[in-house]
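In what follows, a single structure is set out as structure tokens and then discussed.
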Amino acid sequence: MSMRTRASLAASVSAVVAGLVAVQAGAADDKPNLTGVWLVQKPQAELKTSDGKAPPLKPEAAKLYAERKAARASGKKTDEAHTDPAAICLPHGVPRLLNVAQPIMILQKPKQVTVMYQANHQSRLFYIDDPIPTADNLPDPNYDGFSAAKWDGKALVVNTFSLNGLTWMDDSGLPHGEKLTVVERYELTAPDTLSVKVTLTDPETFTAPWNTQVTYKRQPNLRFKEDVCAEKLWHPPSGSPKLGG
Amino acid sequence: MTSSDPHDIDGVWWTPGYDRKYRTVEGELPPFTERGRKEWQHNVDADKRGEPVADAPTGCLPHGIPRLLASPYPIQIITTPGLMTWVHEVNRNQRFIYMDEKQPANPPKTYLGHSVGHWEGDTLVIDTIGLNDKTRIDEEGITHSDQLHVVEHIRKIDGGKALESLITITDPVMFTKPWTAKRIYKARPDVRLMEYACEENNRNAPEDGVTKVK
């Protein structure tokens, strides 16, 4: 390819890119503005389906859930499988994080939407229009998984995968495995009401995919406070040893 | 690609290498008070004995300011109206800088304090007060009291490919006068922040006030 052709190709590519940027910038203006502080309404300690029913657990998972609830009610120390990971300050994981009764803050940008969670200073980074990896191409699992997001009209749709299976899905101990995928659909149903429809799929844990619902209210006057869970595990002395003198 | 707008510092930044000690821009020890020097020496001696004094981050607590600013992990800066959010990969530290506001009279003492910011020309000025005394200035062992006041002067350098931060530290309990340290952060558009779960099998968990290495 001659330099000239290369240059003209580059010019036409940048024209296309400029066009795309213009389209995206125009589209961004049509998006609802989710930026700000929000607070969950009626947080669910026991996650229910959108119509208020118990999740469709397979028998083994149902047994574990019942054991965890019993262990929690007894208040006794138990083994790892029955110990609340959030009580030892591990990340809440997804979807449990959605129902934590502390403020969240959404930071909306064209290419990325970030959700900051006051609780135990957690955050989730959603990359807009990231490809969703195939089953043989998944990143290593972790607590909050990996999230790819896209705008579907006025709804922000977040796909989360590669969750590690170590977290509980609710405060009561609803279990899940590493095959869990979570789809969240964030939509403003009123100017200050954010509704999230959550679809949960985990063939190892549930007999079928199911939906739950979380609602947030905008909190224009609320600011984050520092929430430091690890102080429960170790209360550090002053960093100044106060030796006198 | 980094923005050519000097006021647009959104993106991922990462300090190259790791310098665990804070020194003045001239490379000197800070102007210690007698107490400040004694406490620093105590911590340095404990390190030499192989019994480093545990500080907040070893127990998965926030690093404090300015210790967080030296951390060798990426930072993502996100600007929204009236606010600048710094998401630090290390231990999920989250910093909120309220823009063009006055400091409150008596903010509660916290690990990361209360920060306000404004632009002076092409320099971002971040003022932080309300810091508790549970953290240290640096990993080596410079200590501070809850009277600590930190001012960062941050500007783009190297054609926008890096940020220079001049960090001025004032604490009448530990230092005889204000002093200034420097850190550089490189633009890293190729980097995404990863999850950080310090609490999972913390191999440096403190035992009897000593940081263990396992």
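Since every read-out is calculated from the coordinates, none of them should be taken as a lab result. Just so you know, these numbers come straight off a predicted model, no measurement behind them. With ideal geometry, Cβ positions are generated from the backbone for all residues, glycine too; neighbour counts draw on all protein chains shown.
Report, in whole Å, the centroid distance computed from the Cα atoms of the range B:1-57 and the range A:49-63.
So the two Cα centres are separated by 51 Å.
In degrees from 0 to 90, rounded to the nearest 10, what is the angle of the helix A:3-30 Cα long axis to the longest principal axis of chain A?
50
Measuring from label point to label point, each 7 Å out along Cα→Cβ, what is the A:ARG223 to B:VAL191 span in nm?
My value for the distance between the label points is 2.9 nm.
Taking +1 at the Cβ of each Lys and Arg and -1 at the Cβ of each Asp and Glu, which of B:MET99, B:PRO30, B:LEU112 sits farthest along the dipole of chain B towards its positive end, judged by Cα position relative to the Cα centre?
Farthest towards the positive end: B:PRO30.
Of the residues A:PRO131, A:PRO91, A:PRO175, which exhibits the maximal mean-square fluctuation in a Gaussian network model of chain A defined by a 10 Å Cα contact cut-off?
A:PRO131
Taking the simple approach of a point 7 Å from Cα along Cα-to-Cβ for both A:SER50 and A:ALA81, what is their distance in nm?
It is 3.4 nm.
Using Cα-Cα distances under 8 Å and only pairs 6 or more residues apart, what relative contact order does chain A have, in percent?
Here the relative contact order equals 22 percent.
Any idea which of B:CYS60, A:LEU138, A:PRO175 is furthest toward the positive side of the dipole for the protein assembly as shown, if Lys and Arg beta-carbons carry +1 and Asp and Glu beta-carbons -1?
A:PRO175
Could you work out how far the C-alpha centroid of the range B:152-171 sits from that of the range B:95-136, in angstrom?
Centre-to-centre distance over Cα atoms comes out at 16 Å.
Rounded, prolate or oblate: which fits the range A:102-183, taking a ≥ b ≥ c as square roots of the Cα gyration tensor eigenvalues, rounded meaning a/c under 1.5, else prolate when a/b beats b/c? It would help to have the intermediate numbers written out before the result.
Working: a/c = 1.94, a/b = 1.13, b/c = 1.72.
In terms of gyration-tensor shape, oblate.
Quick check: net charge around A:ALA155, other residues with Cβ under 14 Å of its Cβ, Lys/Arg +1 and Asp/Glu -1?
+1
Could you tally up the Lys pairs in chain B with alpha carbons closer than 17 Å? Skip any pair fewer than 8 positions apart unless they're on separate chains.
Taking chain B as the scope, the lysine pair count is 11.
From other protein chains only, count the Cβ atoms within 10 Å of every residue's Cβ in A:222-231, then give the mean.
Whole-number average of other-chain Cβ neighbours for A:222-231 is 5.
Could you give the dipole magnitude of the range B:37-112 about its Cα centre, charging the beta-carbon of Lys and Arg +1 and that of Asp and Glu -1, in debye to the nearest 20?
Numbers: 9 positive and 8 negative charges, 26 e Å.
In debye, rounded to 20, the range B:37-112 gives about 120.
Give the shape of the protein assembly as shown as rounded, prolate or oblate, defined through the alpha-carbon gyration tensor: a ≥ b ≥ c are the square roots of its eigenvalues, a/c under 1.5 means rounded, and otherwise the shape is prolate if a/b is larger than b/c and oblate if not.
Values: a/c = 1.89, a/b = 1.19, b/c = 1.59.
Oblate.
Would you mind checking the tilt of helix B:34-48 against the longest principal axis of the Cα atoms of chain B, expressed as 0 to 90 degrees and rounded to 10?
Rounded to the nearest ten degrees, it is 80.
Okay, which of the range A:53-97 sit inside 12 Å, backbone N to the point 7 Å along the Cα-Cβ direction of A:GLN213?
A:53
Note down the relative contact order for chain B as a percent, whole number, built from C-alpha pairs under 8 angstrom at least six residues apart. Walk me through the numbers before you get to the answer.
Details: 479 pairs, mean separation 59.1, N = 214.
That works out to 28 percent.
Placing +1 at every Lys and Arg Cβ and -1 at every Asp and Glu Cβ, with all other atoms neutral, what dipole size does the protein assembly as shown have around its Cα centre, in debye to the nearest 20?
Dipole of the protein assembly as shown, to the nearest 20 debye: 240 debye.
Return the calculated 222 nm mean residue ellipticity for the protein assembly as shown, to the nearest 500 deg cm²/dmol, obtained by summing -39500 (n - 2.57) across DSSP H runs with n ≥ 4 and dividing by the residue count.
Result for the protein assembly as shown: -4500 deg cm²/dmol, rounded to the nearest 500.
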